[in-house]
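Each reported figure results from applying straightforward, stated rules to the coordinates on display, with no laboratory input. Bear in mind the structure is a predicted one, so any value in this text is a computation, not a measurement. Because the Cβ atoms are built from the backbone with ideal geometry, glycine has one as well, and the counts that use them run over all protein chains shown.
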There are 2 protein chains.
Amino acid sequence: MEEIKIGLLGFGNVGTGVYKILEENRNDILHREGLKLKVEKILVRDVHKRRKMIIDSSLFTDNIKDIIDNPEISIVAEFMGGIDPAKEYILAALEKKKTVVTANKEVMARYWSELEKAAQKNGVGLYYEASVAGGIPIIKVMGESLQANKVYELMGIINGTTNYILTKMSEEGRSFEDVLSEAQRLGYAEPDPTADIEGFDATYKLSILSSIAFHARVPIEYIYREGITKITAEDIAYGKELGYVIRLLAIAKKQGFSIETRVHPTFIPMSHPLAAVRDSYNAIFIRGDAVGSMMLYGRGAGDLPTGSAVVSDIITACHQSEKHRYTTFYNEAQVSEEVNFIKNWETEFFIRLTVKDKPGVLAKIAGIFGKHEVSIASMIQKNHNEDSVPLIFVTHHAKELSMKKAIDDIKCQQDVIRVENVIRVEN
Amino acid sequence: MEEIKIGLLGFGNVGTGVYKILEENRNDILHREGLKLKVEKILVRDVHKRRKMIIDSSLFTDNIKDIIDNPEISIVAEFMGGIDPAKEYILAALEKKKTVVTANKEVMARYWSELEKAAQKNGVGLYYEASVAGGIPIIKVMGESLQANKVYELMGIINGTTNYILTKMSEEGRSFEDVLSEAQRLGYAEPDPTADIEGFDATYKLSILSSIAFHARVPIEYIYREGITKITAEDIAYGKELGYVIRLLAIAKKQGFSIETRVHPTFIPMSHPLAAVRDSYNAIFIRGDAVGSMMLYGRGAGDLPTGSAVVSDIITACHQSEKHRYTTFYNEAQVSEEVNFIKNWETEFFIRLTVKDKPGVLAKIAGIFGKHEVSIASMIQKNHNEDSVPLIFVTHHAKELSMKKAIDDIKCQQDVIRVENVIRVEN
């Protein structure tokens with residue numbers, strides 16, 4: 001049996017996980033899959049760095065050429081993260097006719113076409129299961145198990161950090177700032193948490209997922225993005241009273257030729273399968289015309305879960321060697337449909353106001369909603385025996401732009417002290 | 001492009017769904033997958049029967065030979081259900097070098113080896129994604145996305161009827177008999193519901209799932225089976241008080257070379273992902289050494305969800321034609337490990353007793369548990385101001401056989417009026 005030689009780019013969290021899995025499950029992979037996989041070289045910044053894992057130091061190199069120019073290495077697995085130099089290395093590997101397995105969501109979301117074309121031109125594979133939702137095989141499931149479906153909706157919890165923060169806020173009634181700094185202390189959130197809490201990370205992943213789901217390229221520029229920094233314990237408490245749980249959702253819907261894609265904090269009913277996804281877990285909820293509602297749930301990050309996806313891609317690549325390609329189902333040339341990206345989507349809204357405790361205020365606000373064709377589904381008004389009172393509305397389906405206009409009008413009302421928050425609601 | 005001709009065996013619920021999907025998604029399958037699929041013949045009992053769907057009557061035949069002996073048909077899809085004559089037809093198709101796609105859990109669970117061998121001998125494929133959990137692609141995920149894992153635990157809600165019944169009982173406080181007869185009226189349960197409510201259906205499916213998960217054949221004879229008929233509204237109410245939800249779980253665990261497989265009503269914590277699986281939905285929860293905890297959720301039955309799995313298998317079969325085989329990962333010859341099936345597994349237990357309201361009863365019972373090395377984790381005793389009182393225990397991990405002996409001893413106590421129920425608890 002021929003040994004398949006692999007080059008790893010990066011040896012951080014995921015790289016270590018991949019190495020561990022290949023070592024520990026060597027026999028299983030040999031017996032079950034008939035494959036002899038060997039890590040030949042590992043690209044690191046510092047070959048002399050002390051590492052937790054005991055590993056033959058001759059495997060390390062700080063020179064990319066030792067991998068790219070080694071004709072014995074047929075598969076390159078990349079988990080350096082970021083664009084530069086990961087993208088350049090991936091392209092170089094493809095040009096040298098090496099199959100690439102990557103966990104890099106940002107590179108895939110931004111340079112997908114370019115990389116796919118390079119892979120195609122060189123007759124090699126490009127695999128990226130690990131780029132979205134860690135160990136959850138959502139990319140393979142959409143590509144190879146839902147072929148008989150028109151997928152028309154996808155809602156994902158695809159950022160573990162924000163889900164951890166929102167879970168803690170919801171279950172312990174704590175503030176965003178409080179939970180974030182705890183999460184940073186525990187290493188669950190980055191020192192600079194922007195990519196997570198402002199929804200950038202989820203946007204990259206949604207670009208990849210929705211492109212596959214809808215068989216049409218969804219560039220990140222077309223994805224509406226809103227982070228979780230403005231969510232308060234009060235919003236969550238009132239939502240709970242109305243039967244809702246808050247999650248940062250990555251949402252993609254397709255109707256006819258219209259696609260809407262958005263990442264924002266969202267209230268969902270407590271009975272929704274996504275409401276049970278707690279802590280740093282990820283899940284992707286899909287609706288297809290044949291399969292109905294479906295959900296995949298699991299670990300969205302971590303050395304071994306993400307490593308599981310990388311190694312699965314490596315094994316798949318080995319078995320598909322005759323075909324040399326993976327994502328034949330996604331190919332720009334095949335996108336015959338013209339799609340348009342809409343911004344004026346319809347959804348339900350949760351609106352929390354602080355108003356003066358005076359007669360007629362409610363009627364005035366209700367009138368403004370009516371004027372903009374926003375109809376109210378439920379309401380909470382609490383008497384605080386103070387000058388100001390909270391007023392909470394949940395609307396029926398309404399247009400995004402109508403809601404914006406209604407809120408602008410409401411803000412101008414003399415008796416409205418503050419528009420505290422507007423949070424979208426999905427079912 | 002060559003047309004791929006398909007013969008359907010059966011045109012009930014699933015057969016109609018498959019036909020519908022192939023018709024409605026014809027263009028998508030052509031463009032995305034590059035496949036021209038055509039239903040050539042459909043085997044039915046009565047070719048003259050009036051059907052809801054408008055369909056060319058020349059497609060129907062009541063003679064299996066019109067399919068088996070037609071050399072143009074390369075794929076046969078079976079959804080007749082039951083053993084006889086489905087098994088014979090599947091074998092005949094394989095012998096005629098036709099790839100078979102089946103939704104038949106019973107045939108697969110009972111005659112897997114025989115069918116696999118026939119497929120292998122004839123160099124054709126045998127696909128059965130639709131045999132377990134309808135539209136949920138659990139078989140492909142285990143075989144083609146978790147290759148880097150040692151799966152050591154699997155817990156599934158794989159029977160929609162019982163999950164519907166238990167959900168209604170839990171959420172509406174109703175009795176088993178009451179909900180069952182309603183379910184029968186609504187067509188959610190069969191006129192003879194035995195296969196579902198006594199757990200036979202789940203047993204077939206667990207045999208298939210655990211065999212794939214553990215890469216070792218798990219015959220149905222080795223699966224412990226207990227139905228839901230003895231679950232009462234009281235059990236459910238007390239479980240709720242302790243933070244549990246009841247589900248009929250199909251459980252498979254592997255530790256070293258020991259495998260335990262069992263189907264029985266089970267209490268799980270309300271925070272467990274399986275606790276959120278309501279009504280007739282199915283879900284499979286998996287633990288693997290690399291991927292960690294994972295769950296797949298979706299429609300476990302129905303014309304289109306099951307049809308989605310069948311059509312996905314057909315498409316996979318077409319793409320894998322060079323390989324001619326699908327389940328190479330399951331092959332008796334490759335099972336090098338010796339496994340043993342254990343019956344004396346460890347789990348937690350919920351025990352509900354009715355005892356006389358006399359001093360010393362609790363001490364006596366606690367003493368019996370202690371004697372059999374069963375330790376108590378929590379307890380509810382309620383004073384009903386009557387001669388008899390309910391007494392509820394939840395134990396720590398205990399051996400199945402120790403618990404049996406403890407219960408036998410408790411039954412003999414003078415002050416114990418009844419052992420109302422013993423329900424296993426998983427976390």
Problem set entry | Rg [Å, one decimal], Dmax [Å, integer] - region B:138-299, C-alpha atoms | 15.7, 47
For this session: Could you quickly flag the chain B residue whose beta carbon comes closest to the rotation axis taking B to A, and that distance in whole angstrom?
Result: B:ALA276, 2
Problem set entry | For region A:54-100: rounded, prolate or oblate by the Cα gyration tensor [a/c cutoff 1.5] | oblate
Problem set entry | Neighbour-count order for B:THR395, B:THR162, fewest beta carbons within 10 angstrom listed first | B:THR395, B:THR162
Problem set entry | Label zone at A:GLU114 (point 7 Å along Cα-to-Cβ), backbone N below 16 Å, region A:70-95 | A:81-95
Seminar exercise, completed: With the 8 Å Cα cutoff and a minimum separation of six or more residues, chain B has a relative contact order in percent of 16
Problem set entry | chain A: most fluctuating residue of A:LYS364, A:LYS105, A:LYS49 per GNM, C-alpha cutoff 10 Å | A:LYS49
Exercise. How much of the DSSP beta bridge set in chain A is antiparallel, as a percent to the nearest 5?
Worked result: 65
Seminar exercise, completed: With one decimal in nm and the nearest listed first, the spacings from A:GLU386 to its own position in the other copies, using label points 7 Å along Cα-to-Cβ, are 5.0
For this session: Tell me the distances, shortest first, between A:GLU338 and the same position across the other copies, using label points 7 Å along Cα→Cβ, in nm to one decimal.
Result: 7.0
Seminar exercise, completed: Under the rule rounded for a/c under 1.5, else prolate if a/b exceeds b/c, else oblate, using alpha carbon gyration tensor axes a ≥ b ≥ c, the protein assembly as shown is classed as rounded
Exercise. What angle do you read, to the nearest 10 degrees and between 0 and 90, between the alpha-carbon axis of helix B:176-186 and the longest principal axis of chain B?
Worked result: 20
For this session: Would you please give the FRET efficiency between B:GLN413 and B:LYS20, computed as 1/(1 + (r/R0)^6) with r the Cβ-Cβ distance and R0 = 60 Å, to the nearest 0.05?
Result: 0.50
Seminar exercise, completed: Label points for B:ARG174 built 7 Å along Cα→Cβ; distances to same position in the other copies, nm, shortest first, come to 4.3
Problem set entry | Cut-off under 5 Å, modelled amide H: who pairs with A:GLU420 long-range | A:ARG352, A:LEU353, A:THR354
Seminar exercise, completed: Looking only at aspartates and glutamates whose Cα falls under 20 Å of B:LYS65's and that sit 8 or more positions away or on another chain, we get B:GLU40, B:ASP46, B:ASP56, B:GLU78, B:ASP84, B:GLU88, B:GLU95
For this session: Provide B:SER145, B:SER293, A:SER58, B:SER74 in ascending order of the number of other Cβ atoms located within 10 Å of each residue's Cβ, fewest first.
Result: A:SER58, B:SER293, B:SER74, B:SER145
Seminar exercise, completed: With R₀ set to 35 angstrom, the calculated FRET efficiency between the beta-carbons of B:ARG51 and A:SER258, to the nearest 0.05, is 0.50
Problem set entry | Residue pairs, from the table B:LYS87/B:LYS254; A:LYS20/A:LYS97; B:LYS364/B:LYS404, whose Cα atoms sit over 20 Å apart | B:LYS87/B:LYS254; A:LYS20/A:LYS97
For this session: Would you mind giving the three semi-axes, in whole Å and largest first, of the ellipsoid equivalent to region A:1-112 according to its Cα gyration tensor?
Result: 21, 17, 14
For this session: Determine which aspartates and glutamates satisfy two conditions relative to B:LYS411: a Cα distance under 15 Å, and not lying fewer than 8 residues away in the same chain.
Result: B:GLU420
For this session: Using only Cα atoms, find the angle between the long axis of helix B:400-411 and the longest principal axis of chain B, and express it within 0 to 90 degrees, rounded to the nearest 10.
Result: 40
For this session: Under 19 Å Cα to Cα from B:LYS253, which lysines show up? Leave out anything in the same chain fewer than 8 places away.
Result: B:LYS150, B:LYS205, B:LYS343, B:LYS399
Problem set entry | Rounded tilt (10° steps) of B:86-95 against the dominant C-alpha axis of chain B | 40
For this session: Would you mind ranking A:VAL291, A:VAL339, A:VAL218, B:VAL39 by Cβ crowding within 10 Å, fewest neighbours first?
Result: A:VAL339, B:VAL39, A:VAL218, A:VAL291
